[in-house]
Amino acid sequence: MDSADSKLNRREFLQKGAAVAAGGAAMSSSALSYSRIVGANDRISLGHIGVGNRGTELDGIVAFLKDKKNVEVSAVCDVWTHNLDRAVAANQKYYGKAPRALKPPQELLALKDVDAVMISTPEHSHSPILKLTAEAGKDAYCEKPMGNVLEEVKGARDAVVARNLIVQVGTQHRSEPYQLAVRDLIRTGVLGDVTKYEIVWNYHGPRWRGRPEVKMIREQDTDWRAWLMTKPFRPFDPQLHFEFRLYKDFSSGIADQWMSHGIDLCHFFMDVNYPFSVVANGGIFAWPDGRENPDTFQALFTYANGFLVSYSTSFGNDAPSFTRIMGKKATLINAGGEGSPRWQVVEEKGNHEDDLTVDSKRTVKDVLLPGETSLPPMGMGDEEPSHMTNWLDCLRSRKQPNATVHNGFAHSVACMMATRAYWSGKRIYWNPKAEAILDEAPK
């Protein structure tokens, strides 16, 4: 197809979305079914758009909470028939009845008895679908990154804020007890002035390549145009369909998938929103398998508060991962990768060149939850239902959840800045007043 066809594709998508928006426009600024669930014990009815591997996990978390939180998944949506059938079967087993199965997101969003929507589609469609969901007047749980195209992320955020909706972005570590304990500890001033924040998360393997679904899918069993969403048309590509994180027009790979969590935790711990500038480097050094995005990546962020953040990932070596937050009084050290609960505070003695008698031993203190006497096992960092629980509670209370669209916008900006820095080879800046990513420092 030529460029005219790509424009038609985007236009058709937006027109369909406008029809959904028209239905929601007559509603008040609260959710479409706000009156049904706010302050009530009525069952929360969820729709789910995008039920692949991550979506299957989310359905399992909701099912785990179904009785405690009086919730069910009543409608599922996916462009691939296999995913749709699998989601129907799983939720029928969970709830004793089959959810409605739909392919177009617009049809699910038009269901008046669906109170809120989970979005776990590929990254390039998070923001467009979140915007449609908000325009339909529905609350949402949206996977991270919230988006990777600046204008689309802005559009989604603005649509949510204008309607005062309850949207939880899927940076689940904001709801985990060990990360909350670290946030609270930092706010006591135990670290002193923080000057450097380091994140190193590694993995050994051709991450995101070799998905078995690539050999399973047939073009007639999916809606390729709908999958492309707002992207220009291109011929059907089963590898792109499932290994999208390797292709730069759809994802930044490491930045979108892993660094989004790391930089969001940095924002959470340090009480900051956006980096001032970023540089990035890396390449395809371990897995030259046709991927476009790097398998080895490093970014350096400066923040206006006066500290440096270093993020690094290698897919060619699984050397121990860690996070280290360095202050003038102490250092917080985390052993393990994303979501690890094993935090320790190490006292900073400092260097005293004039006095060689200074005791170099440093006090080490574990960060523990009430009632604990030792650090938890490494596996305790696996996902727990606290983030979903927080969202479901907020659907009833109408309070904003732990990971708002503002938090999602901020981590998306950081990831987009790092991606632009990587591909351009330039130092990239953020202008908070204009909300613009720039090649030169804002004046």
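Exactly one residue out of ILE199, ILE186, ILE166 is in contact with a Pro (Cβ under 9 Å, 6 or more places away or on another chain) and modelled with pLDDT of 95 or more: that is ILE166. Evaluated against (1) assigned by TED's automatic domain parsing to the domain that holds HIS267; (2) touching a residue at least 12 places away in the same chain (Cβ under 8 Å), ASP184 falls short on exactly one condition, (2). Which of the residues spanning the range 147-171 are surrounded by 24 or more Cβ atoms within 10 Å (Cβ to Cβ), within 18 Å of SER252 (Cα to Cα) and not small (Gly, Ala, Ser)? Those that are surrounded by 24 or more Cβ atoms within 10 Å (Cβ to Cβ), within 18 Å of SER252 (Cα to Cα) and not small (Gly, Ala, Ser): VAL153, THR171.
Residue check: GLY350 meets all listed conditions (1) at positive phi; (2) touching a residue at least 60 places away in the same chain (Cβ under 8 Å) but one, namely (2).
Taken over the range 287-330, the criterion of being hydrophobic (A, V, I, L, M, F, W, C) and in a loop (DSSP other than H, G, I, E, B) is satisfied by TRP287, ALA304, PHE315, ALA319.
Quick grid of which residues meet (1) more than 23 Å from THR188 (Cα to Cα); (2) within 17 Å of the chain's Cα centre (by Cα):
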residue	(1), (2)
SER251	yes, yes
TRP258	yes, yes
LEU265	no, yes
ASN273	no, yes
PHE276	yes, no
PHE285	yes, no
ASP295	yes, no
GLN298	yes, no
PHE301	yes, no
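Can ALA87 be described as touching a helix residue (DSSP H, G or I) at 6+ places or on another chain (Cβ under 7 Å), within 24 Å of ARG245 (Cα to Cα) and of a type in the set (A, V, I, L, M, F, W, C)? Criteria met by ALA87.
Of the residues GLN220, GLN179, the single one that is touching a residue at least 12 places away in the same chain (Cβ under 8 Å) and of a type outside the set (Asp, Glu) is GLN179.
(1) in a loop (DSSP other than H, G, I, E, B); (2) surrounded by 22 or more Cβ atoms within 10 Å (Cβ to Cβ): which one isn't true of SER260, the others all being true? Result: SER260 fails condition (1) only. Could you give me the residue pairs with C-beta distances under 9 Å whose first residue belongs to the range 261-279 and is at positive phi, whose second residue is in a helix (DSSP H, G or I) wherever it lies, and which are 6+ apart or on separate chains? Close Cβ pairs satisfying both conditions: ASP271/ARG183; ASP271/ILE186. Taken over the range 394-423, the residue count meeting the criterion of being in a helix (DSSP H, G or I) and within 20 Å of GLU123 (Cβ to Cβ) is 19.
When residues in the range 33-66 are screened for being assigned to a loop (DSSP other than H, G, I, E, B), among the β-branched types (Val, Ile, Thr) and modelled with pLDDT of 95 or more, 1 of them pass.
Taking (1) touching a helix residue (DSSP H, G or I) at 6+ places or on another chain (Cβ under 7 Å); (2) under 18 Å from HIS406 (Cβ atoms); (3) surrounded by fewer than 24 Cβ atoms within 10 Å (Cβ to Cβ); (4) not acidic (Asp, Glu) in turn, VAL272 satisfies each apart from (1). The test for being surrounded by 22 or more Cβ atoms within 10 Å (Cβ to Cβ), farther than 25 Å from LEU240 by Cβ and not hydrophobic (A, V, I, L, M, F, W, C) holds for ASP115.
Considering only residues in the range 389-443 that are of a type in the set (Gly, Ala, Ser), within 15 Å of PHE301 (Cα to Cα) and buried (at least 16 other Cβ atoms within 10 Å of the Cβ), the one that is nearest to the chain's Cα centre (by Cα) turns out to be SER412.
The values are calculated or read from the model by the stated rules, or taken from the named source; none is laboratory data. In this text, all values refer to a predicted model and were calculated from it rather than measured experimentally. Ideal geometry is used to build each Cβ from the backbone, glycine not excepted, and the neighbour counts take in all protein chains shown.
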